[in-house]
Amino acid sequence: MYRPQYKYKRTFIGSIPSDADLYNALSKIVIEEDIRIGKITAIGAVTNAVIGYFDQNKKEYIKIELNSGFEILSCIGNVSVREGKSFVHAHIILGNKEGKVFGGHLMPGTKVFACEVFIEEYSGEDLVREKDSTTDLYLWKNKDLV
């Protein structure tokens, strides 16, 4: 079994400005810095959010709009290559003022109130996403560990 290894290269640490679109801001950073393999973590708050749930039967994302303020309890994701460009894939867990939690795939339309981000870049073979015929998702090509 082929198990590629990656080495730490560099880390970007900073804030995403208030009212920025979180997904688009992360995408802009990884494209401008040409990060092709990476890990993203973030905490903070949003004024509203758009998250996605992948319906496995319909094989499509269902968008869920949350139109109030939320704490970002956790946002974690990765950076790989899709259709030749750096691509962000992130999930987010949000908490409201009652302590209820919502989560899903981070989608464009999530507006930042305040957000602190770490983006770690690795060196090694590109992680390339291709459409998988079984799931209809863009998954890493030939990266099965078992």
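Looking at 65, 83, 71, which is the one that is surrounded by 14 or more Cβ atoms within 10 Å (Cβ to Cβ), over 13 Å from residue 22 (Cβ atoms) and charged (D, E, K, R)?
Working: 65 fails: surrounded by 14 or more Cβ atoms within 10 Å (Cβ to Cβ); 83 fails: surrounded by 14 or more Cβ atoms within 10 Å (Cβ to Cβ).
Only one candidate qualifies: 71.
The residues in the range 97-134 that are modelled with pLDDT under 95 and polar (S, T, N, Q) can be counted, and the count is 2.
Taken over the range 111-146, the criterion of being under 24 Å from residue 25 (Cβ atoms) and either without any contact (Cβ under 8 Å) to a residue 24 or more places away in the chain or not in a strand (DSSP E or B) (or both) is satisfied by 126, 127, 137.
Annotation note: Cβ proximity below 6 Å between a residue of the range 76-94 that is in contact (Cβ under 8 Å) with a residue 24 or more places away in the chain and farther than 18 Å from residue 43 by Cα and a residue that is assigned to a strand (DSSP E or B) and hydroxyl-bearing (Ser, Thr, Tyr) (sequence gap 6+ or interchain) occurs for 82/138; 87/80.
Considering every residue within the range 86-101, establish whether at least one is over 18 Å from residue 21 (Cβ atoms) and surrounded by 16 or more Cβ atoms within 10 Å (Cβ to Cβ).
Of all residues in the range 86-101, those over 18 Å from residue 21 (Cβ atoms) come to 93, 95-101.
From the residues that got through so far, the ones that are surrounded by 16 or more Cβ atoms within 10 Å (Cβ to Cβ) too are 93, 95.
Yes; the residues of the range 86-101 include at least one that is over 18 Å from residue 21 (Cβ atoms) and surrounded by 16 or more Cβ atoms within 10 Å (Cβ to Cβ).
From the list 27, 18, the lone residue that is surrounded by 13 or more Cβ atoms within 10 Å (Cβ to Cβ), at pLDDT 95 or above and more than 17 Å from the chain's Cα centre (by Cα) is 18.
Any chance the range 47-61 includes a residue that's crowded, with 20+ Cβ neighbours inside 10 Å, among the charged types (D, E, K, R) and either at pLDDT below 95 or more than 13 Å from the chain's Cα centre (by Cα) (or both)? Walk me through how you get there before you give the answer.
If we filter the range 47-61 for residues that are crowded, with 20+ Cβ neighbours inside 10 Å, which is where we start, we get 49-51.
Subset that is among the charged types (D, E, K, R): none.
No.
Look at (1) farther than 14 Å from residue 120 by Cα; (2) of a type in the set (Phe, Trp, Tyr); (3) exposed (fewer than 14 other Cβ atoms within 10 Å of the Cβ); (4) modelled with pLDDT of 95 or more and you find that residue 8 fails only one, number (1). Of all residues being more than 25 Å from residue 55 (Cα to Cα) and aromatic (Phe, Trp, Tyr) in the range 103-146, which is surrounded by the most Cβ atoms within 10 Å (Cβ to Cβ)? Just the residue, please. So, considering only residues that are more than 25 Å from residue 55 (Cα to Cα) and aromatic (Phe, Trp, Tyr), the one surrounded by the most Cβ atoms within 10 Å (Cβ to Cβ) is 122.
Looking at the range 1-57 only, could you name the residues that are free of Cβ contacts under 8 Å to residues at least 60 places away in the same chain and within 14 Å of residue 115 (Cβ to Cβ)? Answer for the range 1-57, where residues must be free of Cβ contacts under 8 Å to residues at least 60 places away in the same chain and within 14 Å of residue 115 (Cβ to Cβ): just 28.
Answer with yes or no whether residue 101 is over 22 Å from residue 140 (Cα atoms) and touching a Ser or Thr at 6+ places or on another chain (Cβ under 7 Å).
Numbers: over 22 Å from residue 140 (Cα atoms): yes; touching a Ser or Thr at 6+ places or on another chain (Cβ under 7 Å): no.
No.
The values are calculated or read from the model by the stated rules, or taken from the named source; none is laboratory data. Keep in mind that what you see is a predicted model, and the values were worked out from it rather than measured. Every residue, glycine as well, gets a Cβ built from its backbone with ideal geometry; the counts of neighbours run over all protein chains shown.
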